[in-house]
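The values are calculated or read from the model by the stated rules, or taken from the named source; none is laboratory data. Quantities reported herein were computed from a predicted structural model and do not represent experimental measurements. Note that we place each Cβ from the backbone using ideal geometry, even for glycine, and neighbour counts take in every protein chain shown. These area figures cover heavy atoms from the full protein model, side chains too; ligands, DNA and RNA do not enter into them. Shrake-Rupley method; radii C 1.70, N 1.55, O 1.52, S 1.80 Å.
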Amino acid sequence: MTSTAFASQGTVLWLGTGSGSAKTITGVTLGNPTIITAAGHGFSLGDVVTIAGVGGATAVNGTWVVTNKTTNTFAINVDTTGGSAYTSGGTATPVTWTPVVNMRSFTGFDGSANIIDVTNLSSLSEEIRPGIPRFGQLSFEIDWDHSDPSHAALIARQLSQAQTAFKLVLPEPRTATFNGYVMKVPIQGGVDQVVRGTLDVRITGPVTWS
């Protein structure tokens, strides 16, 4: 059987560094997922948007990941089936992204759920249940360039301990969007070597694939 594997070359890690221009919402189609209408929104798969001011279908107000899109619509993973219909108003404000340059390798999403022991005196053998999903961390190696905005932002995030949005865009194409904290920003070097380091981002909340 012919391999369907794809190369990792071309993978880009993006970090959220601000907010873009709000797009006007003109409709909400209830369902699972929910479809938002905003003409010429310009969003990409994996983008993070904050929806506010929607009347009627108020369940869509909040922060969501774009999981599908057309030119004038985008989908969010919230089940509004049987909910209140859209009446008026609303905006969708996207996170703006900065690509992390000089990335050499990455590994992550290595967390595992805790095991809950539910064995009792009626059990014939050990009984367990998994706890809540845990996604661990994403580690990535970069060649340092402290003058680059993305590298400066990573250092700033570690110092401020601020939660940051990330998206890892694979060339398949698939996009993993998540929030995390920059835990360490080490550097190392040596003879005939560039200065590089492997950074750890501890993931909080879910990882959304789109």
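Filtered by the rule that a residue be at positive phi, under 12 Å from the mean Cα position of the chain (by Cα) and part of a loop (DSSP other than H, G, I, E, B), the stretch 157-210 gives no residues.
Looking for something in contact (Cβ under 8 Å) with a residue 24 or more places away in the chain, open to solvent by 100 Å² or more (accessible area, probe 1.4 Å) and not charged (D, E, K, R) - is there at least one such residue anywhere in the stretch 176-193? Yes, the conditions are met somewhere in the stretch 176-193. Candidates are the residues of the stretch 114-161 that are free of Cβ contacts under 8 Å to residues at least 12 places away in the same chain and under 21 Å from residue 181 (Cα atoms); the one that is most open to solvent (accessible area, probe 1.4 Å) is 159. Scanning the stretch 67-119 for residues that are more than 24 Å from residue 7 (Cβ to Cβ) and among the acidic types (Asp, Glu) yields 79, 117.
Per this entry, residue 90 is counted among residues that are at pLDDT 95 or above and open to solvent by less than 20 Å² (accessible area, probe 1.4 Å). Restricting attention to the stretch 162-172, the residues being over 17 Å from residue 105 (Cα atoms), open to solvent by 10 Å² or more (accessible area, probe 1.4 Å) and touching a residue at least 40 places away in the same chain (Cβ under 8 Å) number 2. I need the full set of residues from the stretch 1-29 which are closer than 30 Å to residue 199 by Cβ, among the small types (Gly, Ala, Ser), in contact with a strand residue (DSSP E or B) (Cβ under 9 Å, 6 or more places away or on another chain) and open to solvent by less than 70 Å² (accessible area, probe 1.4 Å), in order please. Residues satisfying the conditions are 10, 16, 18, 20. Contact map, the stretch 19-47: first residue farther than 14 Å from residue 91 by Cα and assigned to a loop (DSSP other than H, G, I, E, B), second residue among the basic types (Lys, Arg) and open to solvent by less than 70 Å² (accessible area, probe 1.4 Å), Cβ cut-off under 6 Å, separation 6 or more or different chains; pairs are 46/167. All of 76, 51 fail the test of being in contact with a Phe, Trp or Tyr (Cβ under 7 Å, 6 or more places away or on another chain), over 16 Å from residue 208 (Cα atoms) and open to solvent by less than 60 Å² (accessible area, probe 1.4 Å), apart from 51.
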